[in-house]
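Coordinate-derived values only; no laboratory data. These numbers come from a predicted model, not from an experiment. FYI the Cβ positions are ideal-geometry reconstructions off the backbone, even for glycines, and counts take in every protein chain you see.
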Amino acid sequence: MVSLIEERDKMTKKNVVASNTKSAINMAITVAAAAANSSLFTMAALKPPVAPGSFFTILQRKLIQNLEINGAARVNAWVDSMRASSPTHVKSTTPSLSEDQSSWILRHPSALEMFEQITNASKGKQIVMFLDYDGTLSPIVEDPDRAYMSDAMRTTVRKLARYFPTAIVSGRCRDKVYSFVQLAELYYAGSHGMDIKGPSKGPKDKNDAQSVLFQPASEFVPMIDKVYKALFDETKSIPGANVEHNKFCLSVHYRRVDEKKWSELAQLVKSVLKEYPKLRLTQGRKVFEIRPTIKWDKGKALEFLLESLGYANCIDVFPVYIGDDRTDEDAFKVLRDRGQGFGILVSKIPKDTNASYCLQEPSEVMNFLQRLVQWKKMSLQRQGKKLSLR
Ligand SMILES: [Mg+2]
């Protein structure tokens, strides 16, 4: 494995100077991976069938564009987009949902139903697991500070990490997500991948700082602190609004804000961010995400971790990324572009996505992970038996 410091320096240079080179490398990997897999389903699994559907896509794209603070943002568009992110509104304004839903499910089948085909496609390759936290391992809850994962899920992820390198990739502050997951053997990428740390050597690991792999947005910390204070003060007047400090980025949660106040909240956030053109705003599930405008996201974090693990130009790797949010799309897109592994979207409703498969909720995610562990255990046992028969 290449040294982590070398990896970090390489990634920094690439990120700043040569992102086009990286695309070229990715394209080469895509072609090589496609050529190496000739069975009909493998091709389908690696290169899922159809581009994202037209299901409320154009409307949403326009609304999201309007959210960009550097563009001609309009508060009404913000509020429309905030509504569009709420499943109840999607249902009430889309009469032919069931028809759209079934065509969407055909394009993004359940990862549980396709389990056998998925594991077949991974044969001979090293599976690497990437898991978002909120809405993927833990249910979405009213109070983001209480988004606990169940003991059963923790046990499942612990077992998973015994068989496959496993990383948690979250928008949350790394320390916060670690306090929820509490598994030292995993990789953690907090702040939308802007704060990456490798596994701790043990509970009494004194060299914690050495396992920090990459923090590309360190210079933004003072600015993020300042904006946090401003947003905290400004949004005090909105009952239920909650500003979360994620170290290198911020989240403004409005899940508990009365819908009548959404427009006011959007205006407040916009007025604060007007002063900070180096920060960008995107929208998640009832949350505004505020991040530095550096070219770094969950997709870049996934690529960085694959390189750190020694799979930079390797075609024998099968990354699986499971997530429920718009910010996870960057990682789904990386996998689609690389033609390696696949993304799984956690959602009960059709969404414009680059993921190949879907799971409805965290309980299905747990089921999928448990099956993966079982499958790996069985295949190792079979291999052991074959060897002992020789
Ligand atoms: Mg999430």
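Could you work out the local net charge near residue 343, counting Lys and Arg as +1, Asp and Glu as -1, over the other residues with Cβ closer than 9 Å to its Cβ? Could the numbers behind the result be given before it?
Details: positive: 333, 336; negative: 328, 329.
Residues close to residue 343 contribute a combined charge of 0.
Work through the residues other than residue 156 whose Cβ is under 14 Å from its Cβ and net out their charges, Lys, Arg +1 and Asp, Glu -1.
Net local charge, residue 156 excluded: +4.
Divide the volume of the convex hull of the Cα atoms of region 278-390 by its number of residues and quote the answer in cubic angstrom per residue.
For region 278-390, the hull spanned by Cα atoms encloses 128 Å³ per residue.
What ranking do 318-324, 256-262, 78-84 get when scored by the average of other Cβ atoms within 10 Å per residue, highest first?
Details: 318-324: 26.9, 256-262: 14.4, 78-84: 19.1.
Answer by packing, highest mean first, reads 318-324, 78-84, 256-262.
Could you pull out the pairs from 176/377; 236/274; 197/274; 260/348 whose alpha carbons sit more than 29 Å apart here?
176/377; 197/274
Report the extension gain between residue 225 and residue 389 in nm, rounded to one decimal, defined as 0.36 nm multiplied by the number of residues separating them, less their alpha carbon distance.
52.8 nm
Compute the label zone of residue 98 within region 349-371: residues whose backbone N is under 20 Å from the point 7 Å along Cα-to-Cβ.
Counting only backbone N, you get 349-351.
Once you sort the root eigenvalues of the Cα gyration tensor of region 267-311 as a ≥ b ≥ c, which label holds: rounded (a/c under 1.5), prolate (a/b larger than b/c) or oblate (the other case)?
On the way: a/c = 6.36, a/b = 2.37, b/c = 2.69.
It comes out oblate by the Cα gyration axes.
Taking the highest mean first, how do the peptides 355-365, 277-287, 216-226 order by number of other beta carbon atoms within 10 angstrom per residue?
355-365, 277-287, 216-226
Sort the following peptides by mean Cβ neighbour count (other Cβ atoms within 10 Å, averaged over residues), highest first: 299-309, 159-169, 143-153. Display every interim value, and only then the final one.
Values: 299-309: 23.7, 159-169: 20.7, 143-153: 14.1.
Sorting 299-309, 159-169, 143-153 by mean packing, highest first, produces 299-309, 159-169, 143-153.
Which FRET efficiency value, to the nearest 0.05, do you get for residue 83 and residue 316 by plugging their Cβ-Cβ distance into 1/(1 + (r/R0)^6) with R0 = 45 Å?
Computed FRET efficiency for residue 83 and residue 316 comes out at 0.50.
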